[in-house]
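**Student:** Pasting a structure below so you can have a look.
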Amino acid sequence: MRLFVRSKWNHKTKGFLSLAAAVKVRFCSHRPRSSIQQYRSAMADSRNGDAKGSGARRYEINLETFGKRVKLLYASWKDSKEEHWGGADALAIVTPPPSEDLRYLKSSALHTWLLGYEFPETIMVFLQEQIHILCSQKKATLLEELQKSSKKQCGLDVIIHAKARDDDGRGPMQSILGEVAAGKKPASVAVGWLSKEVAEGALMEKWAELLNDSGFNLVDVSAGMSDVFAVKDESEIQNIRKAAFLCASVLKNYVVPKLEVVIDEEKKITHAELMDDTEKAVIDPSKAKVKLKPDNVDICYPPVFQSGGVFDLRPSAISNDDPLYYDALGVIICAIGARYNSYCANVARTYLIDADPVQSKAYKVLQKAHEAAISALKPGSPASSAYKAAVDVFEREGQEFLPHMTKTTGTGIGIEFRESGLSLNSKNDRIVKVGMAFNVSLGLQNLQAQNSQDPKTKNFSLLVADTVVIRDKAPESATSSCSKAFADIAYSFKDEEEEEQEKPKPKVPSSNGAEAQYLKATLRSDNQEMTKEEVRRQHQAELARQKNEETARRLASGGLGQGDGQGVVRTTGDLVAYRNVDDIPFSKELMIQVDQKNESILLPVYGLMVPFHIATVKSVTSQQDGGHSFIRIIFNVPGAGYSATDLASQKFPGAIYLKEISFRSSDVRHTNQVVQLIKTLRRQVAQRESEKAERATLVTQEKLQLMKAKPIRLSDLWIRPVFGGKGRKLSGTLEAHTNGFRYATMKPDERVDIMYRNIKHAFFQPAEKEMITLLHFHLHNFIMVGNKKTKDVQFFVEVMDVVQTLGGGRRSTYDPDEIEEEQQERDRKNKINSEFNMFVKRVSELWEQPQFKDLDLEFDVPFRELGFHGVPHKASAFIVPTVNCLVELIEQPFLIITLNDIEIVNLERVGLGQKAFDMTIVFKDFKRDVLRIDAIPSTSLDGIKEWMNSMNLKYYESRMNLNWRPILKTILDDPEKFIEDGGWEFLNMEVSDSDSENSEESDEGYQPSDVDVVSESEEENSDDESVVESEEDEEEEEDSEEEEGKTWDELEAEARKEDKEKGAESDSEDDRRRRKAKATGKARAPEVSRQLPLKKPKLR
């Protein structure tokens, strides 16, 4: 066994600067670490340069921080002297010599907290009015600056005792102990020290010897030190957050991709090798795509990797030399701790490989319990509330896992990896305060898999840990960027065929009691094997049952939806042209005038200028007749197709309205000018009122909060819908701020703000076979883009320019210019896609912050390989599914269908021989019209079925298009009848076919009176017979009762009689003889053909 301790020799100051501090001691099995030590040495050399360089900068102590924290130390010592400090009259803190191993000591933590660095082999003694420091000459030079500032800020005298290299320090030690006694009896003086820290080195041993011989009453002050370190200031919180971001990024950007490659390529790698590689990534943050200075970071502990049935959830766990196990039912635990400026953070995740139901349930319950523990850490609540919240979740949702739960749900974290006194167990009643930080770690140990006898998979454990900072409103998870959701940690590498093979197959007993032996010539159905279509049908049958139950519950509760509505009725109130008679402009001539300012027209009526508001004008026309021109003005009046709410008819029920007025003028030019002015003014007012009405329906959004730092930005974007107005269109810049996006061009009036809370769906579609790369936002509520009201806003860039060859000739495939142009286009496309991808990634990280957690925002990327062509509106488009939607984002109008809004899908015109079919989407809101996608190629049918089945969408098939408006109206009018009749099963074509077959068998011999039903066998046999023969047979069957027993002569007589009645008797005898001979030679064809028009057509 050896003790791992970590401190750093700084080449610039030629002294030891430790980055660790805590009581925690980690014992690890002895293992050579030459490779990692060489790597760390190389990293140190690259950071600090040559150790012998004379130009090294001097490390300076932050005097302001020192003064502030010394005050906090003395205040805590004074206020809780008996409770936490054991009644100590003096504090004696000694740091041990430097070591190459990793360890946490409270003495080192105090130095880091006060001074920013650790000073090894240094004694600090705190008295009521003095601070004595015993150290070497070089350290004394660094600490001299404390003397002036400490007296000024804190009123304390800092006395530095410099010890020579060959001096054991006995003299200065005795002098310091004399100041501690201050003339009192040693037994009456209580001296605080750290009893758990073992004396190391000559200086520390000599001090321990003199202190024990002094006769002072020694008390342990570890609790007081923990109380001082517990609440962090803002600079300490920032250090913890950076450390948390580093360890989460290493796990997310380095460890997980590495594990995925190892598992996918079935590589061999040990836990110890993973530990070394991950430690290098922590020390060099650029490997994890983190922009932190390497000389400010370090590890908290060697990264821990466990798998293969051997798990240890204790903080002292280590990575062994066993190979990583990632077969089915495998469990992999990863734990990473990082430090930034000596402040610690920790993250741990468990990854499941082809998990069984027990593993899945255990993890989901563990995740909920972990979230409950974090949520319980609110200011003012006891530390034990986190443990109790986790227990409550297990008792409610997984009682069987409670005995396997870890004894605590974590500890405090800061300079110390485990802050004593802040353990999150069931007995700690210490109050949680703003500024505290916790490592919330919860696990289940020694669980048993469901059906496994392999020792590497039978026993498993689960662990989840996050670094949490206590804020005013709610706790903040600083490592939330690394997801712990079940969908992100559970991996499935089984194929569908393997899953089907694992399903138990029923055994078929033979006649003699033994199991039946399969013969060589067996059918798939004999072996109980199921095709994909059969599996799909079974799943759809289950979905049908669930969908009918869901619809029944919704209809029973009255949740029929609100419909799209028709918008708000436009109300303008009283239309007033002029408030006062004096406001009417004076005119000497009785001519039609247009008042643009007051939006009115003045018409001469009986020698007076009568004003009319332009909104009362319905239409104005002009026409010429001879040398005169006529103007006709028609007004809006009640009962003439104009809403009465827009007039004052209700306010003045007895008023008389002018419906129409005409004028004649000899000035044709003036007439045309007046008509044009009236039309222009009417159009402007109508447009303004329309925009005003649209804006009145908009939901008031929050104000955009601009980001103080440099926002996430994407430049040179175009927007759809485009801004209105004239002039040249300009590209703009999209910026991500604190609570929303802002898009703006160089024009001051072209600006759009999109709040994060208004985003329903966000899409990122890179250019693959399209000409544009785009970001699309589908919103909850309408916003105005220019003067257009929309719920869809898109930002895009064209990845290639449209070029037309003027020569018109074909260019060679090997033309260098052609090859260069194609390469430039590819480079441009890749560059644009990369810029969009980086923007999306950074915005996604912003959305993972706690304040946006409830919005559940993420960018959906369409799955082009699952797309299909169709006609959703008027033109054909390529429609692609995403995780949550079915979209078409290239052509306008855009198509965005949320999958959760879909009730069922009906595939219409599906049948053999059809080249295309239609898709009808019925929404859960039955007041909303169905959406049709027409002319989908039949080659896409199987792919669409498979996709809908995988998304748990219930679909039906029909051979013809249905009229859905009356169907939905019937459901809304009588929902109970709809449920009693089987719900949506009336669309099930297979059930309808089977019902019709059963009815045919039960009603054998029944013949409909007006329609002949022909069976499929009859249709197939009829292909070999002539049309005349088949029609003869049907003719004879229909008329058998009426014409039974008639001879040919009688039939001919009847025909002659009918001809006579129709006036055909004038035909010659030769013509009749010729027709008779023709009829005899063609097997009675004339009689049949004569009666065929009377026969109703056969329905197939």
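The values are calculated or read from the model by the stated rules, or taken from the named source; none is laboratory data. The shown structure was predicted, so the numbers you read here are calculated from the model rather than taken from an experiment. We place every Cβ from the backbone using ideal geometry, glycine too, and count neighbours over all the protein chains shown. Side chains are part of the model used for accessible areas, which takes the heavy atoms of the whole protein and leaves out ligands, DNA and RNA. Shrake-Rupley method; radii C 1.70, N 1.55, O 1.52, S 1.80 Å.
**Student:** Could you give the nm distance between label points at A686 and N963, where each point is 7 Å from its Cα heading toward the beta carbon?
**Tutor:** With each label point 7 Å from Cα toward Cβ, the separation is 3.4 nm.
**Student:** Give me the tail of P(r) for segment 372-483 as a percent: Cα-Cα pairs with distance above 16 Å.
**Tutor:** 60
**Student:** What FRET efficiency comes out for the pair D488/S731, r = Cβ-Cβ distance, R0 = 35 Å, nearest 0.05?
**Tutor:** So the FRET efficiency works out to roughly 0.45.
**Student:** As a quick test, which of the pairs K68/K152; K252/K287; K138/K232; K361/K924; K252/K456 have an alpha carbon distance above 19 angstrom in this structure?
**Tutor:** K138/K232; K361/K924; K252/K456
**Student:** Full-extension gain between I61 and D815, please, as 0.36 nm times their residue separation minus the C-alpha to C-alpha distance.
**Tutor:** Answer, rounded to one decimal: 264.7 nm.
**Student:** Still on this model: I'd like the accessible area for E145, computed on protein heavy atoms only with a 1.4 Å probe and all protein chains in place. Round to 10 Å², please.
**Tutor:** Probe radius 1.4 Å; accessible area of E145 about 60 Å².
**Student:** Let me ask another. Computed FRET efficiency, Cβ-Cβ of N446 and E260, R0 25 Å: what is it to the nearest 0.05?
**Tutor:** About 0.35, to the nearest 0.05.
**Student:** Modelled label-to-label distance, A187 and L912, 7 Å Cα→beta-carbon offset: nm?
**Tutor:** So the two model labels end up 11.1 nm from each other.
**Student:** Determine the gain in length on full extension of the stretch N837-S381; use 0.36 nm per residue of separation and subtract their C-alpha separation, reporting nm with one decimal.
**Tutor:** Stretched out fully, the N837 to S381 stretch lengthens by 159.9 nm.
**Student:** Shifting gears a bit: For segment 298-382, what percent of Cα pairs sit more than 21 Å apart?
**Tutor:** 45
**Student:** Something else about it: Give the residue from S360, A465, T411 lying farthest towards the positive end of the charge dipole for segment 352-465; charges sit on Cβ (+1 for Lys and Arg, -1 for Asp and Glu) and the dipole is referred to the Cα centre.
**Tutor:** Comparing the listed Cα positions along the dipole, T411 ranks first.
**Student:** Using a 1.4 Å probe and ignoring any ligands, DNA or RNA, find the accessible area of I269 and quote it in Å² to the nearest 10.
**Tutor:** Using a 1.4 Å probe on the heavy atoms, I get roughly 20 Å².
**Student:** Could you compute Rg(Cα) / (2.2 N^0.38 Å) for segment 416-463, with N its residue count?
**Tutor:** Scaled against compact globular proteins, the figure is 1.76.
**Student:** Report, to one decimal in Å, the Kirkwood hydrodynamic radius for segment 887-963 based on all distinct Cα pairs.
**Tutor:** Answer for segment 887-963: a Kirkwood hydrodynamic radius of 13.2 Å.
**Student:** Then there is this: What size of dipole, in debye to the nearest 20, comes out for segment 710-866 about its Cα centre when the only charges are +1 on Lys and Arg C-beta atoms and -1 on Asp and Glu C-beta atoms?
**Tutor:** The calculated dipole for segment 710-866 is roughly 840 debye.
**Student:** Something else now. What do you reckon, how do E689, E845 stack up by accessible area (1.4 Å probe), largest on top?
**Tutor:** Solvent-accessible surface, decreasing: E845, E689.
**Student:** Hey, another quick one. Pulled fully out, how much extra length does the chain show between A1055 and K148, if you take 0.36 nm times their separation in residues and subtract their Cα-Cα distance?
**Tutor:** Gain in length upon complete extension: 312.8 nm.
**Student:** Here is a further query. How are the C-alpha pair distances of segment 676-726 spread across 10 Å bins, as whole percents from the shortest bin up?
**Tutor:** Using 10 Å bins, I get a P(r) of 16, 25, 33, 18, 7, 1 for segment 676-726.
**Student:** In addition: How large is the dipole of segment 810-894 about the Cα centre if only Lys and Arg carry +1 and Asp and Glu carry -1, each at its Cβ, rounded to the nearest 20 debye?
**Tutor:** With Lys and Arg at +1 and Asp and Glu at -1, about 160 debye.
**Student:** While we're looking at this one, here's another question. For D827 and Q705, what is the calculated FRET efficiency with R₀ set at 41 Å and r taken between the beta-carbons, to the nearest 0.05?
**Tutor:** So, using R0 = 41 Å, E works out to roughly 0.65.
**Student:** On the full set of protein chains, 1.4 Å probe, figure out the accessible area of L102 and give it in Å² to the nearest 10.
**Tutor:** Approximately 0 Å² for this residue.
**Student:** While we're here: Charges only on Cβ, +1 for Lys and Arg, -1 for Asp and Glu: so what's the dipole of segment 377-447 about the Cα centre, in debye to the nearest 20?
**Tutor:** The calculated dipole for segment 377-447 is roughly 220 debye.
**Student:** Moving on to the next point. Work out Dmax and Rg for segment 102-255 from the C-alpha atoms and quote the Rg first, both in angstrom.
**Tutor:** Final numbers for Rg and Dmax: 18.2, 62 Å.
**Student:** Here's something else I'd like to know. Along Cα→Cβ, 7 Å out, is where each label goes; now give me the distance between the ones at R632 and A875 in nm to one decimal.
**Tutor:** Using points 7 Å along Cα→Cβ, the separation is 4.0 nm.
**Student:** Quick check: from the Cα gyration tensor, does segment 332-387 come out rounded (a/c under 1.5), prolate or oblate?
**Tutor:** It is oblate, given that a/c is not under 1.5 and a/b is not larger than b/c.
**Student:** Here is a further query. Residues of segment 50-165: accessible area per residue at 1.4 Å, in Å²?
**Tutor:** Roughly 46 Å² per residue, with all protein chains present.
**Student:** With 27 Å as the limit, write out which pairs from K139/K433; K139/K289; K291/K747; K679/K788; K258/K841; K597/K692 have Cα-Cα distances beyond it, or answer none.
**Tutor:** K139/K433; K139/K289; K291/K747
**Student:** What number do you get for segment 253-350 when its Cα radius of gyration is normalised by 2.2 N^0.38 Å, N = residues?
**Tutor:** Ratio of Rg to 2.2 N^0.38 Å for segment 253-350: 1.08.
**Student:** A further question on this structure: Considering only protein heavy atoms and a 1.4 Å probe, what is the carbon-and-sulfur percentage of the accessible area of segment 155-314?
**Tutor:** Solvent-exposed carbon and sulfur of segment 155-314 make up 48 percent of the total.
**Student:** Here's a follow-up. Using the heavy atoms of the protein chains and a 1.4 angstrom probe, tell me the accessible area per residue for segment 257-301 in square angstrom.
**Tutor:** 47
**Student:** So what's the gap between the Cα centers of segment 143-209 and segment 213-236, to the nearest angstrom?
**Tutor:** 16
**Student:** Go through K267, K291 and list them by solvent-accessible area, largest first, probe radius 1.4 Å.
**Tutor:** Heavy-atom accessible area, descending, gives K291, K267.
**Student:** Continuing with this model, one more query. Going by Cα centres, segment 884-955 and segment 709-764 are how many Å apart?
**Tutor:** Between the Cα centres of segment 884-955 and segment 709-764 lies a distance of 32 Å.
**Student:** Whole Å is fine, so just give me how far the alpha carbon centre of segment 337-377 lies from that of segment 532-551.
**Tutor:** 35
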